[in-house]
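Student: Sharing a structure here in structure tokens format.
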Amino acid sequence: MAQKKILWVDDEIDLLRSHIIFLTEKGYDVSTNTNGDDALVTLNEKEIDLIFLDEMMPGMGGLQLLGKIKESYPNIPVVMVTKSEAESLMDEAIGGKIKDYLTKPVNPSQVLLVCKKILEGKRISTEVATKDYLQDFNQISSLLQNQLSYSEWIELYLKLVHWDLELSTHKENNLLQTLADQKKEANKEFSKYVERNYKNWIHSPSKEDRPKLTVEIAKDFVFPLINEAKGPVFFFVLDCLRLDQWLTMEKLLVDYFKISKEYYYSILPTATPYARNALFAGLYPSDIEKNYPDLWCGNDEDEHSMNRYEKELLQLHLNRNKVKLQTDLKYLKIIDPEVGRNFEQNILSYQNSHFTAVVVNFLDMIAHGRSDSDLLKEIAPDEAAYRSLTNSWFTHSTLLSTFRSISKMKNAKIVITTDHGSIRSLRGAKVLGDRETSTNLRFKYGRNMKVDDKHAIYVRDPLEFKLPRRGVSISYIIAKEDYYFVYPTDYHKYLSHYKDTFQHGGVSLEEMILPIITLETK
């Protein structure tokens, strides 16, 4: 590792000689100057990695020198050292973009800590992250050999997401591929687990020994808030939101809300026509079709046609649970930026509404857009970049502005969730079917379908999975892990076209384990 170079500027530099010797012994190359003019000469002649700058110097003062340094060398971190503890001076120094602040007299350990934090912090944190992940790697690998419960699967997924976020900031440790392989193994075991247990979950009258499912979310998390509300209640459904995406978005909300999180499992298929209708209706798709046939219609390859009656399904759900609203239900679907801007501009008019439900489709559009756009694939080539793209959108979105406005409303509460996540699909699975077979990539329904059972769950009787029958001899297949379905015709063309796209509809940790977030105004 190259020796780090420090410049210490102080008119009483001789009094700091012991500190300089100490830093030299620790492996740093320390240069010194006693005034601002000489410091600027040194900076012009020598590459410097860190500057310690005295605030009180004759002639050019520390703050004046700081301004000149930032004009010409904006990327060199500066630590201000001063005898003054005045808060105004601290604010002025911080406003001048200092990296840290020390008050005289300083001791050697303080100085060393600052040097390590600024000059070696990245290396040290990478080493610690590497060590900690390798310990967790063994623990996760061991857990995958056991029969995990639904709650243990949630905990394991949280660990994997944590390491995905952490290791993405330490790419130089080359552990991302190791993590990707571990996630692949986890999804293999998770798919087996879901295949063994899903039918029991959805048919069991008891809530014991099974996860909370899509059909229970509104009743368990939203309706109680409505019943006890002292202010407006908002229910936001962010279509196609993964947990890792939410965790990047959440950081922008912590200053405005008290945030709590729980987790649930999506129903299958993890696709909008099924999962989102079930979320609003509080019913499985087969029950919606049976009880409200007029509200279950359309072509589910066109998600808009299958999700036209979300407001009606939600109102019926409220009625069945005898939830009385003080004002009419407000429902909004944000499918383009103009609708989002209008909602943001008029958000204050909603503070007198008892309950407002909002669907935000932007994340789903990013996922589908990336499948068809080489530019978006280049911008977001992997999960880390996909999160970054999500964060960039949210940072500048009307949605964030809307949340901030709601945070100022008295006693306002927000529940945020999603209908399903998405997975980066990397492996094709060859499927056969007749002409009427649906075209979805992660699930299909039709007649005479054939697919390797290693790649998909075969649902011969739709009612066993509480899915619509759709006709005689109709069956479903639901992709496992990161597989996507490809027909034999032009197999290699479509295999290549859809490889490395974010898809949903199947069985994976990323698609099925979803957050339910409650925001309360501070």
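Student: List pairs: first residue in the stretch 352-369 and without any contact (Cβ under 8 Å) to a residue 12 or more places away in the chain, second residue β-branched (Val, Ile, Thr) and in a strand (DSSP E or B) anywhere in the structure, Cβ distance under 9 angstrom, at least six positions apart or on different chains.
Tutor: If the second residue must be β-branched (Val, Ile, Thr) and in a strand (DSSP E or B), the pairs left are His368/Thr501.
Student: Let me ask another. Could you check, for the stretch 128-147, whether at least one of its residues is loosely packed, with under 15 Cβ neighbours inside 10 Å, β-branched (Val, Ile, Thr) and either modelled with pLDDT of 90 or more or not assigned by TED's automatic domain parsing to the domain that holds Glu25 (or both)?
Tutor: Yes: one or more hits.
Student: Filter the stretch 424-443 for residues that are β-branched (Val, Ile, Thr) and either outside any strand (DSSP E or B) or not assigned by TED's automatic domain parsing to the domain that holds Leu495 (or both); which is surrounded by the fewest Cβ atoms within 10 Å (Cβ to Cβ)?
Tutor: Thr439
Student: Scanning for something crowded, with 16+ Cβ neighbours inside 10 Å, of a type outside the set (Ser, Thr, Tyr) and touching a Gly at 6+ places or on another chain (Cβ under 7 Å), does the stretch 221-233 turn up at least one residue?
Tutor: The answer is no, given that none of the residues of the stretch 221-233 is crowded, with 16+ Cβ neighbours inside 10 Å, of a type outside the set (Ser, Thr, Tyr) and touching a Gly at 6+ places or on another chain (Cβ under 7 Å).
Student: How many residues does the stretch 18-55 contain that are assigned to a helix (DSSP H, G or I) and not aromatic (Phe, Trp, Tyr)?
Tutor: 17
Student: I've got another one for you. Please tell me if Leu495 is surrounded by fewer than 20 Cβ atoms within 10 Å (Cβ to Cβ) and in contact with a helix residue (DSSP H, G or I) (Cβ under 7 Å, 6 or more places away or on another chain).
Tutor: no
Student: Under the condition of being of a type in the set (Val, Ile, Thr) and in a helix (DSSP H, G or I), which residue from the stretch 314-369 is surrounded by the fewest Cβ atoms within 10 Å (Cβ to Cβ)?
Tutor: Residue satisfying both the conditions and the ranking: Val339.
Student: Filter the stretch 180-225 down to the residues that are among the aliphatic types (A, V, I, L, M) and farther than 22 Å from Phe280 by Cβ, then identify the one that is nearest to the chain's Cα centre (by Cα).
Tutor: Ranking the candidates gives Ala180 first.
Student: Has the stretch 456-464 got at least one residue that is within 30 Å of Phe234 (Cα to Cα), in contact with a helix residue (DSSP H, G or I) (Cβ under 8 Å, 6 or more places away or on another chain) and part of a helix (DSSP H, G or I)?
Tutor: no
Student: Of the conditions (1) surrounded by fewer than 16 Cβ atoms within 10 Å (Cβ to Cβ); (2) in a loop (DSSP other than H, G, I, E, B), Arg210 fails just one. Which one is it?
Tutor: Of (1) surrounded by fewer than 16 Cβ atoms within 10 Å (Cβ to Cβ); (2) in a loop (DSSP other than H, G, I, E, B), only one is false for Arg210: (1).
Quick grid of which residues meet (1) among the hydrophobic types (A, V, I, L, M, F, W, C); (2) more than 19 Å from Thr103 (Cα to Cα); (3) assigned by TED's automatic domain parsing to the domain that holds Val106:
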residue: Leu15; (1), (2), (3): yes, no, yes
residue: Ser31; (1), (2), (3): no, yes, yes
residue: Asp38; (1), (2), (3): no, yes, yes
residue: Val41; (1), (2), (3): yes, yes, yes
residue: Asn44; (1), (2), (3): no, yes, yes
residue: Lys68; (1), (2), (3): no, yes, yes
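Student: Can you confirm whether the stretch 269-289 contains a residue that is free of Cβ contacts under 8 Å to residues at least 12 places away in the same chain and either touching a Leu at 6+ places or on another chain (Cβ under 8 Å) or not in a loop (DSSP other than H, G, I, E, B) (or both)?
Tutor: No, there is no match, as no residue in the stretch 269-289 is free of Cβ contacts under 8 Å to residues at least 12 places away in the same chain and either touching a Leu at 6+ places or on another chain (Cβ under 8 Å) or not in a loop (DSSP other than H, G, I, E, B) (or both).
Student: A follow-up question, please. From the residues in the stretch 84-114 that are in a loop (DSSP other than H, G, I, E, B) and modelled with pLDDT of 80 or more, which one is surrounded by the most Cβ atoms within 10 Å (Cβ to Cβ)?
Tutor: Checking each candidate, the answer is Ile98.
Student: Looking at Val194 and the list (1) part of a helix (DSSP H, G or I); (2) touching a strand residue (DSSP E or B) at 6+ places or on another chain (Cβ under 8 Å); (3) more than 22 Å from Met512 (Cα to Cα), which single condition is not satisfied?
Tutor: Unmet for Val194, out of (1) part of a helix (DSSP H, G or I); (2) touching a strand residue (DSSP E or B) at 6+ places or on another chain (Cβ under 8 Å); (3) more than 22 Å from Met512 (Cα to Cα): (3).
Student: Now for a separate question. Among the residues of the stretch 370-385, how many are crowded, with 21+ Cβ neighbours inside 10 Å and modelled with pLDDT under 80?
Tutor: Residues flagged as crowded, with 21+ Cβ neighbours inside 10 Å and modelled with pLDDT under 80 within the stretch 370-385 amount to 1.
The values are calculated or read from the model by the stated rules, or taken from the named source; none is laboratory data. Remember, it's a predicted structure, so these values are computed and weren't measured experimentally. Positions of Cβ are generated from backbone atoms using ideal geometry, with glycine treated the same way; all protein chains shown enter the neighbour counts.
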